[in-house]
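Asker: The following block contains the structure, expressed as structure tokens.
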Amino acid sequence: MKSTSIRMKPLIAANWKMNKSIKEADSFIKEFNKFCDSNTADIVICPPFTIMPSLSGMIKGTGIKLGSQNMHFEERGAFTGEISPLMVRELNCEYVIIGHSERRQYFKEDDALINKKVKSALNHGLKPILCVGETLEQRQSKSAMKVIKNQIAGCLNNVDKYEMKNIVIAYEPVWAIGTGKNATPEQAQEVHAYIKKLLSEIYSDSIASKVRIIYGGSVKPENAKELLSMKDIYGALVGGASLDAKSFAAICNSV
Ligand code: 13P
């Protein structure tokens, strides 16, 4: 059982990364709707930008919400290749993934930049799914908790306490992403409890209890139920297994 008396609605988000055409997204949604019978979770799909306008139409009336995989913190300007919060809002986008480890690793995003994006997303009525997580090396050298503490402090710097209910934090250990090797439920729970403790220290117990902390890293139908039954795990951010409608539906159904 979850610790709060009123259980927060879990959030299951699909991160399609750089995958799928518009046609493939259309088949996905049709198949997903056949298999998904969950009405207990918030379901979000974060497709590539090129699919967002079409997907926005495809999911109308299904209850599925739209998320963006990234955004710039500015509204407009000379930022070739970037997308602004106003642009994604125009497509009825509700969530935005910020600070994914692939953005940190390949595009050199750091906590200061991620902090600007988090604040901009909130200012534009978007709900950030803020990603944190340690590398294998950091876990092996026992510095995982320190890394996460620094990421949380840096990325949430000067984020108003009243905004925290609109933030989702995704714990995604880098070593578990795309490797097929998920964190065990106990490993994930330990970090989720730690993030909750950090939020209690920065804000308050009451605020910490309102933030959904979700897990990402090789979530599949076979391990979802066990991970999602842990005390402080309030959902999942799913990569590979979210590309298949049946698998993603099975994960959503396991909440
Ligand atoms: P996988 O589920 O493929 O490990 O990816 C996780 C992830 O990066 C979600 O954002």
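The values are calculated or read from the model by the stated rules, or taken from the named source; none is laboratory data. The shown structure was predicted, so the numbers you read here are calculated from the model rather than taken from an experiment. Because the Cβ atoms are built from the backbone with ideal geometry, glycine has one as well, and the counts that use them run over all protein chains shown. Just so you know, the surface numbers come from the protein's heavy atoms only, side chains and all, with ligands and any DNA or RNA stripped out. Shrake-Rupley method; radii C 1.70, N 1.55, O 1.52, S 1.80 Å.
Asker: Answer with yes or no whether R139 is within 14 Å of the ligand (Cβ to nearest atom), charged (D, E, K, R), open to solvent by 30 Å² or more (accessible area, probe 1.4 Å) and in a helix (DSSP H, G or I).
Answerer: no
Asker: Could you check, for the range 198-207, whether at least one of its residues is buried (at least 18 other Cβ atoms within 10 Å of the Cβ), within 16 Å of the ligand (Cβ to nearest atom), touching a residue at least 12 places away in the same chain (Cβ under 8 Å) and within 18 Å of the chain's Cα centre (by Cα)?
Answerer: No, that holds for no residue.
Asker: Still on this model: I169: within 30 Å of I83 (Cβ to Cβ), within 16 Å of the ligand (Cβ to nearest atom) and not in a helix (DSSP H, G or I), yes or no?
Answerer: In short, yes.
Asker: The conditions are (1) within 24 Å of T135 (Cα to Cα); (2) touching a residue at least 60 places away in the same chain (Cβ under 8 Å); (3) open to solvent by less than 80 Å² (accessible area, probe 1.4 Å), and G67 fails exactly one of them. Which is it?
Answerer: Going through the list (1) within 24 Å of T135 (Cα to Cα); (2) touching a residue at least 60 places away in the same chain (Cβ under 8 Å); (3) open to solvent by less than 80 Å² (accessible area, probe 1.4 Å), G67 breaks only (1).
Asker: Residues K231, K197: which one is in a helix (DSSP H, G or I) and basic (K, R)?
Answerer: When all the criteria are applied, what remains is K197.
Asker: Now a separate question. If I filter the range 214-228 down to residues being outside any loop (DSSP other than H, G, I, E, B) and within 11 Å of the ligand (Cβ to nearest atom), which single residue comes out as surrounded by the fewest Cβ atoms within 10 Å (Cβ to Cβ)?
Answerer: N223
Asker: Looking for something surrounded by fewer than 21 Cβ atoms within 10 Å (Cβ to Cβ), farther than 25 Å from S27 by Cα and within 15 Å of the ligand (Cβ to nearest atom) - is there at least one such residue anywhere in the range 233-253?
Answerer: no
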